[in-house]
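Please read the structure below before turning to the comments.
What follows is calculated from the coordinates using simple rules that are stated; it is not laboratory data. Predicted model only: the values in this text are computed from it and were never measured. Here the Cβ is made from the backbone with ideal geometry for all residues, glycine too, and neighbour counts use every protein chain on show.
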Amino acid sequence: MTSQETTVNLVNVIAPSFYDVHWHIHDGDYTHFWLSGGRGSTKSSFISVEIILGIMEDENANAMILRKVKDTLRDSVYEQLVWAIEALGVTHEWDIPEAKLVLTYKPTGQKILFRGADKPKKIKSAKVKKGYFKFIWYEELDEFSGMEEVRMINQSLMRGGEEFRVFYSYNPPQSANNWVNAEKLLTRKDRLVHHSNYLTVPKEWLGQIFVTEAEHLKQTKPKAYEHEYLGNVTGTGGEVFDNVKIRPITDDEIANFENIKRGIDFGYAIDPLAYGVMHYDRKKKRLYIFHELYQVGLSNRAAYDHIKEENKNNDFIIADSAEPKSIHELRQYGLKVKGAKKGPDSIEYGVKFLQSLEEILIDDMRCPNTAREFLTYELDKDANGNFKAKFPDSNNHAIDMVRYALNDEAMKFKDHKKEKYDPDNLTPTQRHTQAVKHMTGGQPQIGAFTDW
């Protein structure tokens, strides 16, 4: 194909919303391309076109196309790439067998291979005679187990070449705390994040029926429309923290922080020890988290060595009071450590205090694990699919560390909430609950009300 023919073809097969992404791919500005969108956004069509063009322009380029389950490959990504070949008018230059899951560029023998992540050994053993896997595509990314699984696959495939283009396509899961939605927010200089929906696509490409169905859902079930067609993260209602923001916290900012807090959650067996440093702006109700130590199997002595270097003035640290031996050991080394004040409702009040803040700002480059925990923390569900009342005690080591660091602030918050239960200043719901508790001989359950 001549460059002029390619330009004409691209206009016909790539939606305008992807033009900038195309040039970033062409110029090699990024390695990882996260393309999210709703139904009819044409993100998969765009990726398939880019892979076909990229292989035909680089004789050393091959492609690996991945889905979580192998059985879904033929009817999805395989057919999508065949469509791209036909849409670009180059069918005569490609071998498209009916029985095998492979596409071959005839002039050079370059390959497009397809694998399911349900058989990871076949991914690791994949080889091509010429060149390397320059293009990698994860379709329906949210079906994969997590970023750790994706990294392992990338480590196996991203070898033997200088340039790579890795595509991740998905419809954003409803939950803001799903690993895909959380990972998308994290900082990587070699990553481009792009979102699209059917409104950015020429209507004639989709057809009137598609548009009519979308508009009908918009009128009858607007939240479902927003998630399914616009590809927005609408939430499930179980998200714990909606006030978290991920951004770099600069050295200049840190140098001006005054109200520094430090906390420790000790590790148990396979659980990590989490130590963190943060600044709490009480006036603006903003928390800045900018340092973490997060490691499994770390001894108290090794933790001390790290903390001594970071906490040069030996300022106070608040730790998990359930580990008095560890606290005593750190004190023996010379650290100023005290146990957090606890109680039957300390977890609830600690989390509610963090929820009450205007913003929790986390530098994910300095504190990747803390960022991950806060972004993915969500209420558990019972057997009937209803959210449980208690905050889950799992995957929350950094969150506990932050609670301990801010223990004094949380206790003030708790005392303030207690004041709302003055008998002369109760809501009808509070009066009813208090009366029931009195009749049963119990005490009012602070935190049981939802009208704070």
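For the reader, a short list of remarks on this structure follows.
- 3J(HN,Hα) from dihedral phi, region 192-197, Karplus parametrisation 6.51/-1.76/1.60, rounded to Hz, x for glycine, proline: 10, 10, 9, 10, 8, 8
- Global geometry of region 78-231, whether rounded, prolate or oblate, following the gyration tensor of its Cα atoms and the 1.5 cut on a/c: oblate
- Computed about the Cα centre, the dipole magnitude for the chain is approximately 1080 debye when only Lys and Arg (+1) and Asp and Glu (-1) carry charge, each at its Cβ.
- Over 20 Å (Cα to Cα) - which of Lys261/Lys341; Lys342/Lys412; Lys189/Lys245; Lys68/Lys189 fall in this group: Lys68/Lys189
- Across region 244-413, Cα-Cα pairs farther apart than 26 Å form 25% of the total.
- The charge dipole of region 225-347, taken about its Cα centre with unit charges on the Cβ atoms of Lys, Arg (+1), Asp and Glu (-1) only, comes to about 700 debye.
- Cut-off under 5 Å, modelled amide H: who pairs with Leu298 long-range: Leu273
- Listed by chain and number, the aspartates and glutamates placed with their C-alpha closer than 13 angstrom to that of Lys130 are Asp58, Glu59; residues fewer than eight positions away on the same chain are left out.
- Phi-based couplings in Hz for region 174-189 (Karplus 6.51, -1.76, 1.60; Gly and Pro marked x): 5, 6, 5, 8, 4, 4, 5, 5, 5, 4, 4, 7, 6, 7, 8, 5
- Selection from Leu217, Asn407, His291, by position along the positive dipole direction of the chain (Cβ): Asn407
- With neighbour counts taken as other beta-carbon atoms within 10 Å, the residues Tyr333, Tyr275, Tyr377, Tyr225 rank, fewest first, as Tyr333, Tyr225, Tyr377, Tyr275.
- Of all DSSP-defined beta bridges confined to region 244-413, some 60% are antiparallel rather than parallel.
- Additional length obtainable on full extension of the chain from Glu358 to Glu309, 0.36 nm per residue less Cα span: 14.5 nm
- Annotation: amide H-H contacts under 5 Å for Val233 (H modelled 1.01 Å from N, sequence separation of 5 or more, or interchain): none.
- DSSP bridge pairs, the chain: antiparallel proportion in percent, nearest 5: 40 percent
- Considering only Cα atoms, the convex hull volume of the chain works out to 201 Å³ per residue.
- Rounded to whole Hz, the Karplus (6.51, -1.76, 1.60) HN-Hα couplings of region 227-242, x for glycine and proline: 7, 6, 9, 8, x, 8, 7, 8, x, 9, x, x, 5, 8, 10, 10
- Contour minus Cα-Cα distance for Asp415 and His26 (0.36 nm per residue): 134.1 nm
- Gyration tensor (alpha-carbon) shape descriptor, region 164-234, a/c threshold 1.5: oblate
- Of Val102, Pro120, Ser36, farthest towards positive along the dipole that unit charges on Lys, Arg, Asp, Glu beta carbons give the chain: Pro120
- Using just its DSSP H runs of length 4 or more, each adding -39500 (n - 2.57), the chain gives a mean residue ellipticity at 222 nm of -11000 deg cm²/dmol after division by all residues.
- In this structure, the amide hydrogen of Asp380, modeled 1.01 Å from its nitrogen in the peptide plane, lies closer than 5 angstrom to those of Lys388, counting only residues at least 5 positions away or on a different chain.
- 10 Å Cβ shell holding at most 16 others, DSSP loop, GluC sites (Glu not before Pro): longest site-free stretch of the chain: 259-357
- Between Arg301 and Thr72, full extension at 0.36 nm per residue minus the direct alpha carbon distance yields a gain of 77.4 nm.
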